[in-house]
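Step one of this worksheet: look at the structure below.
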């Protein structure tokens, strides 16, 4: 099963507008790097349906879409549309209803790369317990596809930072500060061409990771029941690139990616 990387987020480079937003929590916040609720986009109280539109520029390409670090309920409906027209008429892509939110995010991968100046996400969440919509991160942009997916040695985890207070009697009281998801990634047989210099290669992924910018990693794009849990928007810490054997035709690579809170 192919895996996907996103390293170009048009929500961070384009112009973002929303149908509803608090003055103190504008749509532009969606292009930020952190998942802090204090720097999120938020709609006014009572507004549980809204659209957010990105102007990505003429000829923009798109394939990976995600709303992350959001307060959406599990039954929220999300619709993605790409068009060359500001009113989103004559769309070049429409996702239909993307249903299901978990781990504070909803993720969608288009079947193929699509082109259009504008990308719009419509969120419908009448059952939202807060009575408003809030999201810290919006991701929309092209994808780098790995023809060979994860090795079996890869491992998903959910780590926690805790302080433990221990009494004189030995009783322990853990205090959890935060939890975050992550992957220890292993790729055991990658075609050498995927490491060649260029934008749409793993070398570009490594460069972005080393720069400390967010990347989006979608390991299992067709598993709609777990795509939200498995997908990570966060920081990548790449390791060195190795060789499978003496031919040099295939490479090995490992990395650690952790959720950006």
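Only the coordinates and a few stated rules stand behind these numbers; no lab work does. This structure is a prediction, so every number in the text was calculated from the model and none was measured. Cβ: placed from backbone, ideal geometry, glycine included. Neighbour counts: every protein chain shown.
The packing ranking, built from the mean of other Cβ atoms within 10 Å per residue, places the peptides 137-148, 96-107, 166-177, 202-213 in the order 137-148, 96-107, 202-213, 166-177, highest first. Measuring r between the beta carbons of residue 186 and residue 92 and using R0 = 41 Å, the FRET efficiency lands at 0.70. Dividing the radius of gyration of the alpha carbons in region 155-259 by their Kirkwood radius gives 1.13 for Rg/Rh. When each of 89, 221 is scored by the number of other beta-carbon atoms lying within 10 Å, the sequence from fewest to most is 89, 221. Of 65, 4, the sequence from fewest to most neighbouring Cβ atoms within 10 angstrom is 4, 65. Remark: the chain is approximated by an ellipsoid whose semi-axes, taken from the C-alpha gyration tensor as √(5λ), come to 30, 28, 15 Å, largest first. For the chain, averaging the sequence separation of C-alpha pairs within contact (under 8 Å, six or more residues apart) and dividing by the residue count gives a relative contact order of 22 percent.
A Förster distance of 45 Å, applied to the separation of the beta-carbon atoms of residue 158 and residue 115, puts the FRET efficiency at 0.75. The calculated FRET efficiency for the pair residue 225 and residue 201, based on their C-beta separation and a Förster distance of 30 Å, comes to about 0.50.
Entry note, the chain: the mean residue ellipticity at 222 nm calculated from DSSP H runs of n ≥ 4, each adding -39500 (n - 2.57), is -1500 deg cm²/dmol after division by the residues and rounding to the nearest 500.
Model label points for residue 79 and residue 244, set 7 angstrom from Cα along the Cα-to-Cβ axis, are 4.4 nm apart. Take each peptide in 234-245, 19-30, count the other Cβ atoms within 10 Å of every residue, and average; sorted highest first, the result is 19-30, 234-245.
Taking the Cβ of each residue in 163, 194 as the centre, tally the other Cβ atoms inside 10 Å and list the residues starting with the fewest. Don't jump to the answer; show the numbers that get you there.
Numbers: 163 9, 194 21.
So the residues, fewest neighbours to most, are 163, 194.
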